[in-house]
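Each remark here refers to the structure printed beneath this line.
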């Protein structure tokens, strides 16, 4: 097709269609997130939502009826909270183990901690992008260094939530329950009341992280057009063909 023909076609296409076509022609698909990463991501995300709501209700029950059904509702919330916490704990442990044994480099632990010179530079460039000082983020296939460092800290919070949760539940469990063996964990955090405090505020910090995480994902997808949000479903990101 001649240049004149291409110009006539472009005039008939919406501007956003032309932009997407030009981006697609300059980019190539890279398989970044394997099934383990994607599965644990959604299990953890879904668990956080359920745990946050049920935990909030357990701390501040608000359902009252004339038939005094509130204790039954609280008991149901506690049961949902307990079983969801098992899913959350197993997903977190699986992701941590996978960070050391994954055959795909983008899932490994060294992608999360910026220690190399190029990672530190990308860390700063990403920060400038998130704060609207720089127009575009650096082209990075896996986690950008700023996000990676944040995720590492979030997983520390996950550990605090899991350990305090085991300590709290173990302290309330009967002596014949296998959960009773975890009661000693509460003493690691200064006692049962302090364990509840750490458990409560760690979850609030995680919820604040989720808001920032969604903001960063939408912003990066919209500006860089690299399919960041789509990648957590498909596993593929789109980066410049010159990217290695």
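The calculated FRET efficiency for the pair residue 236 and residue 45, based on their C-beta separation and a Förster distance of 30 Å, comes to about 0.95. Maximal additional length on extending the residue 213-residue 136 stretch stands at 26.0 nm, based on 0.36 nm per residue less the C-alpha distance. Computed from the C-beta positions of residue 29 and residue 197 and an R0 of 45 Å, the FRET efficiency is 0.45 to the nearest 0.05. When each of 225, 117, 134, 237 is scored by the number of other beta-carbon atoms lying within 10 Å, the sequence from fewest to most is 117, 134, 225, 237.
Modelled spin-label separation between residue 38 and residue 155, with each label point placed 7 Å from Cα along the Cα-to-Cβ direction: 2.1 nm.
The slack in the chain from residue 177 to residue 127, taken as 0.36 nm per residue of separation less the alpha-carbon distance, amounts to 13.2 nm.
Laboratory data are not the source of any read-out in this text; all were calculated from the coordinates shown. The structure presented is a predicted model; accordingly, all values stated were derived computationally and were not measured. FYI the Cβ positions are ideal-geometry reconstructions off the backbone, even for glycines, and counts take in every protein chain you see.
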